[in-house]
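So the structure is just underneath, and the comments pick up after that.
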Amino acid sequence: MIIDYNGNIAIITQENATIIELVKKLQTLYPKFENNNIIVHLTTLKTLAAKDIVEFLVISNMHRDNKHSFVIVRDNLDLDELPDQLVVVPTLQEAYDMIEMEDMERDLGF
C-alpha cells in the first residue's frame, strides 16, 4: 500500500495485496488520514470484481458520515452491481472531480 498526499486528499494505491488485507490496513491506519478526502486507486490490480469493492462499504460510509469524500478508482466494473453508497469512478481525474463536486455540496449545506 502506497499513501500519497495532494493537499487535503490522501491517495492510497494498492499494488499486490488482497482487497481484504487492504481494507484491514485502512481500518488500522485510518486515524492517519481521517481528516482527508480519500482516493483508493485500484487500477493496478488485475483481477477485481464488484463483490471485492463492496468490502470498502463500511469504511466508506464511516468516512462519508464524517463529511469527507471516499472515492474508489477502478475501471472495467459494472456499476449496477455496486451499492449506491460507494463512489466508484474509472479514472483518477474523475476522482478529483468527484471530490471537488462533493466539497462544493458540503459547502452549500447538502
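For the reader, a short list of remarks on this structure follows.
- Of all residues in segment 51-74 being surrounded by 11 or more Cβ atoms within 10 Å (Cβ to Cβ) and among the acidic types (D, E), the one that is farthest from the chain's Cα centre (by Cα): D52
- In the condition set (1) out of contact with any helix residue (DSSP H, G or I) (no Cβ under 9 Å at 6 or more places or on another chain); (2) under 14 Å from R74 (Cα atoms), D4 is compliant with all but (2).
- The C-beta contact set for segment 57-86 (first residue modelled with pLDDT of 95 or more, second residue in a helix (DSSP H, G or I) and of a type in the set (D, E, K, R), distance under 7 angstrom, 6+ apart or interchain) comprises S69/E102; F70/R64.
- For beta carbons closer than 6 Å, sequence separation of 6+ or different chains, a first residue in segment 13-34 that is surrounded by 13 or more Cβ atoms within 10 Å (Cβ to Cβ) and a second that is part of a loop (DSSP other than H, G, I, E, B) and not basic (K, R), the qualifying pairs are Q14/M1; Q14/L42; L22/Q14; K25/M1.
The values are calculated or read from the model by the stated rules, or taken from the named source; none is laboratory data. None of the values given here were measured: they were computed from a predicted structure. Virtual Cβ from ideal backbone geometry, glycine too; neighbours counted across all protein chains shown.
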